[in-house]
Amino acid sequence: MFNKPYAPIEQVNLPEFSNAGINVFIKREDLAHPFVSGNKMRKLKYYFQDAAANGKNTIVTFGGAYSNHLLATAAACAKMGFISYGFVRGEPVKNYMLSLCKIFGMHLFFVERNTYKTDKINFAKSKIHDIENCYFIDEGGQGELGEKGVAEIIEDLSQNYNHIFCSVGTGSTMLGLLQRVEKNNYQTKIHGVPVLKGYDDKELLKTFDKSLYEWHDGFHFGGYAKIDKQLTQFVSYFATNTGILLDYVYEGKMFYALTSLAKQGYFKNGESVLALHNGGLIGMLDMMKASY
Ligand SMILES: *Cc1c(COP(=O)(O)O)cnc(C)c1O
C-alpha cells in the first residue's frame, strides 16, 4: 500500500494568486487513502518495512485523542496484517477518530498526561504481554525513517517549484523535505507553517542553511487545534472556490498563511508554489460539532 501513493498535483485558481502573478499548485497527498492519508502514509512506509524485516507482528504507537497518526496506523496495520496498539494521551474520551481506530482493530489505552510525558514507553510495555513481538513508532511517526519516507514526495515531482509549503506539527515532514532538497541541491525553498504556538525553528532546523527554508510563525490561530471564525470562514471560502476541503488543524492554517503572503506581495511575479495537502479530514468531524 505504500508504494507510489496516489497524490496528483492540481493548480489552485484563486484571485489572490492570479493577482499576485503566481501559480499555486496543491499536491493531493490527502487522496492517497481515506484513513492513511498524506504524510502519515509516507512516514509509515519504512517503519512497517523495518518491523517486518525484524520479524515483528505488532505495532505500538502513541498520540493525542485526535491524532491523525493513530488512525493512519490503525488502518495501515489492519491492511498489512499487524496487530496494533494505540496509547492515547490524557483522560478517557470518546470521539469519531478513536471509534475508527477501534473499528480497525486497534487496542486503545489512555495514559495520564504526566505518565505520557515522562514514561509512556514503560507504561505501554506494562500493558502488553507479547512485548518481544512489538515494534514501537513514536508520536506522529516522527523520526529518521519517517523523514526518509516523506523525502520521497520530492522525488515524485516532475518539475521544479520556486517554493514548497507544508504545515508543521512534529516537523518531521519539513525535515524530510529539507533533507532531500539539500542533498540533491534543488533550487526550491521549503516553507514551514507551524500550527503550534511558540514553536521555535532553531532547534528543529539548526543543521540547515537558512537560505533553504522560511519559517512562517504567526498563523497558528492561538495554538494547536485552536480555530476561530476567520479560519473556518477561510476554509469554507477555499472549499467553495476550489472544491478542495482543507482540515482546520493543519492545512487550513497553512493555506491561510500562503494566501495572506500572496496578498502582501511576498512572492515575485511568475513564481510557482507547491503546497502539500496531507489530509487530516476525518478529524474535522469532531471539530465541526464543536464549531457549529
Ligand atoms: C500530521 C499532520 C501534519 C504534520 O506533519 P508533521 O510531520 O508532524 O510536521 C500536517 N498535516 C496533516 C493533515 C497531518 O495529519
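The values are calculated or read from the model by the stated rules, or taken from the named source; none is laboratory data. What you see is a predicted model; the values in this text were computed from it and never measured. Here the Cβ is made from the backbone with ideal geometry for all residues, glycine too, and neighbour counts use every protein chain on show. Remember, those area values only see protein heavy atoms, side chains included, never the ligands or the DNA or RNA. Shrake-Rupley method; radii C 1.70, N 1.55, O 1.52, S 1.80 Å.
General remarks:
- All positions within segment 140-168 that are within 12 Å of the ligand (Cβ to nearest atom) and open to solvent by 20 Å² or more (accessible area, probe 1.4 Å): Gln142, Gly143, Glu147
- Tally of residues being away from the ligand (no atom under 14 Å from the Cβ) and over 15 Å from Gly146 (Cα atoms) across segment 32-59: 7
- Among the residues of segment 50-81, the ones that are open to solvent by 30 Å² or more (accessible area, probe 1.4 Å), part of a helix (DSSP H, G or I) and under 22 Å from Lys125 (Cα atoms) come to 4 in all.
- Qualifying residue in segment 111-124 (condition: aliphatic (A, V, I, L, M) and within 21 Å of the chain's Cα centre (by Cα)): no
- Conditions (1) acidic (Asp, Glu); (2) away from the ligand (no atom under 16 Å from the Cβ); (3) closer than 30 Å to Ala76 by Cα; (4) out of contact with any Lys or Arg (no Cβ under 9 Å at 6 or more places or on another chain); number of the one not met by Asp209: (3)
- Subset of segment 204-226 [open to solvent by 20 Å² or more (accessible area, probe 1.4 Å) and closer than 14 Å to Pro194 by Cα]: Leu204, Glu214, Trp215, Asp217, Gly218, Phe219, His220, Phe221, Gly222, Tyr224, Ala225, Lys226
- Residue match in segment 181-199 (condition: closer than 30 Å to Phe82 by Cβ and in a helix (DSSP H, G or I)): no
- Taking each residue of segment 105-120 that is over 17 Å from Tyr85 (Cα atoms) and looking for partners that are surrounded by 11 or more Cβ atoms within 10 Å (Cβ to Cβ) and among the small types (Gly, Ala, Ser) with beta-carbon atoms closer than 9 Å, six or more apart or interchain, yields Arg113/Gly90.
- Only one entry in Ala74, Ala65 is touching a helix residue (DSSP H, G or I) at 6+ places or on another chain (Cβ under 7 Å) and either aromatic (Phe, Trp, Tyr) or more than 23 Å from Gly149 (Cα to Cα) (or both), namely Ala65.
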